[in-house]
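Participant: Here it is, the structure, as structure tokens.
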Amino acid sequence: MASTPPRSSRHRVHVVSDVHGNARDLARAGEGADALICLGDLVLFLDYADHSRGIFPDLFGEANADRIVELRTARRFEEARAFGAELWGGIEGDRFTAIEKAVRKQYAELFAAFPTPTYATYGNVDMPQLWPEYAGPGVTVLDAQRVEIGGWTFGFVGGGLRTPMRTPYEISDEEYAAKIEAVGEVDVLCTHIPPEVPELVYDTVARRFERGSRALLDAIRRTRPRYSLFGHVHQPLARRMRIGATECVNVGHFAGSGRPWVLQW
């Protein structure tokens, strides 16, 4: 692990995740901090709390958004995919072009709201291939990489694991584990998804277990970072817990709260 900074040092970092289109609060999220960390999911495809918001209802209307949420919440994923395919069949042009156009519009607004400096990694609903076009000089994008902030080493691993939802940036367990391994020992391990612990991966509103990472859990136990920070689960059964020497924290659903989680040392 990285060496402990001198006791006289005082550093403050704000951490957000699951921004989902909340550019207004994002523009203020770094106030009073030395840096902002973003753990992904910038895009708002469909707001499960307000079905009128997001790319899906913009394209297909709120009633169809109500139906797709109903099917997904009931875990009727095959029916949801068939219903979605029927809707997309009525869109002029191809599906990818329509989504990319909408995502680009959101990215232009969201990346412009990032303060300097910002350190960011991808969420499972993000489109990493577009980020280089929008990340300005004040935004450092990291995935399977490390950076030093205030004498501590921060490691970043983006994306999510494969699920029946088939969101844009889902990767295999093996690829994800390789990225965790590449980061190695750090003071703060920053990921979009949580370690695979039931209390951390269960969403109490969606009433389902989201996917957490066993490789991340193993790395926490093995390398003992000071903190493991993540998001992804919007309403977790437990927002924080200790795993050995490591404080594991879900930094919150920023789209809903508009407030960053604060880390000071």
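The values are calculated or read from the model by the stated rules, or taken from the named source; none is laboratory data. Remember, it's a predicted structure, so these values are computed and weren't measured experimentally. Every residue, glycine among them, receives a Cβ derived from its backbone with ideal geometry; neighbour counts consider all protein chains shown. Surface accessibility is based on the protein's heavy atoms, side chains included, excluding ligands, DNA and RNA. Shrake-Rupley method; radii C 1.70, N 1.55, O 1.52, S 1.80 Å.
Participant: Could you work out Rg/(2.2 N^0.38 Å) for the chain, with Rg from alpha carbons only? Mind showing how you got there, number by number?
Facilitator: Values: Rg = 18.2 Å, N = 265, 2.2 N^0.38 = 18.3 Å.
Dividing the Cα radius of gyration by 2.2 N^0.38 Å gives 0.99.
Participant: With both partners inside the chain, how many of the DSSP beta bridges are antiparallel, as a percent to the nearest 5?
Facilitator: Details: 16 of 40 bridges.
Among the beta bridges of the chain, antiparallel pairing accounts for roughly 40 percent.
Participant: Still on this model: Could you provide, to the nearest whole Å², the per residue accessible area of the range 141-265 with probe 1.4 Å? Don't skip to the answer; put the middle values down first.
Facilitator: Values: 5230 Å² over 125 residues.
Ligands and nucleic acids excluded, the result is 42 Å² per residue.
Participant: Let me know the longest stretch in the chain that avoids all GluC sites (Glu not before Pro) found in a DSSP loop with at most 15 other C-beta atoms within 10 Å. Working shown, then result.
Facilitator: On the way: sites that count: E31, E92, E185.
Free of exposed loop sites, the longest segment is 93-184.
Participant: Tell me, in nm to one decimal, what length is gained between R214 and I171 on full extension, where the rule is 0.36 nm per residue of separation less the Cα-Cα distance?
Facilitator: On the way: separation 43, 0.36 × 43 = 15.48 nm, distance 1.39 nm.
Contour length minus Cα-Cα distance gives 14.1 nm.
Participant: So what's the back-of-envelope 222 nm ellipticity for the chain, counting only DSSP H runs of four-plus at -39500 (n - 2.57) apiece and dividing by all residues, rounded to 500? Before the final figure, lay out the partial values.
Facilitator: Working: 10 runs with 86 residues, N = 265.
My calculation for the chain gives -9000 deg cm²/dmol from helical runs alone.
Participant: Here is a further query. Which loop trypsin sites (Lys or Arg not before Pro) in the range 7-63, with loop taken from DSSP, have no more than 15 other Cβ atoms within 10 angstrom of their Cβ? Could you put the intermediate results ahead of the total?
Facilitator: Numbers: sites: R7, R10, R12, R24, R28, R53; in loops: R7, R10, R28, R53.
Of the trypsin sites (Lys or Arg not before Pro), the ones in loops of the range 7-63 whose Cβ has at most 15 other Cβ atoms within 10 Å are R7, R10, R28.
Participant: List the trypsin sites (Lys or Arg not before Pro) within the range 177-265 that DSSP assigns to loop and that have no more than 11 neighbouring Cβ atoms inside 10 Å.
Facilitator: Values: sites: K179, R207, R208, R211, R214, R221, R222, R226, R239, R240, R242; in loops: R207, R211, R226, R239.
Of the trypsin sites (Lys or Arg not before Pro), the ones in loops of the range 177-265 whose Cβ has at most 11 other Cβ atoms within 10 Å are R207.
Participant: Using +1 on the beta carbon of Lys and Arg, -1 on that of Asp and Glu, and nothing else charged, what's the dipole of the range 207-265 about the Cα centre, debye to 20? Please report the intermediate quantities before stating the final value.
Facilitator: On the way: 12 positive and 3 negative charges, 32 e Å.
Around 160 debye, computed over the range 207-265.
Participant: Gap in Å between the Cα centre of the range 47-81 and the Cα centre of the range 107-145?
Facilitator: Spelled out, the Cα-based centre of one part sits 27 Å from the other.
Participant: Can you tell me the 0 to 90 degree angle between the C-alpha axis of helix 77-88 and the longest principal axis of the chain, rounded to 10?
Facilitator: So the helix axis and the longest Cα principal axis differ by about 60 degrees.
Participant: OK, next. Can you compute the charge dipole magnitude of the chain about its Cα centre, using +1 on each Lys and Arg Cβ and -1 on each Asp and Glu Cβ, nothing else charged? Give it in debye, rounded to the nearest 20.
Facilitator: Details: 31 positive and 35 negative charges, 173 e Å.
So the dipole magnitude of the chain works out to roughly 840 debye.
Participant: Label A63 and A135 with points 7 Å out from Cα along Cα→Cβ: what is the distance between them in nm?
Facilitator: About 4.3 nm, to one decimal.
Participant: In nanometres, what is the gap between the two model label sites at E148 and R28, each 7 Å from Cα along Cα-to-Cβ?
Facilitator: If labels sit at E148 and R28, their model points lie 3.5 nm apart.
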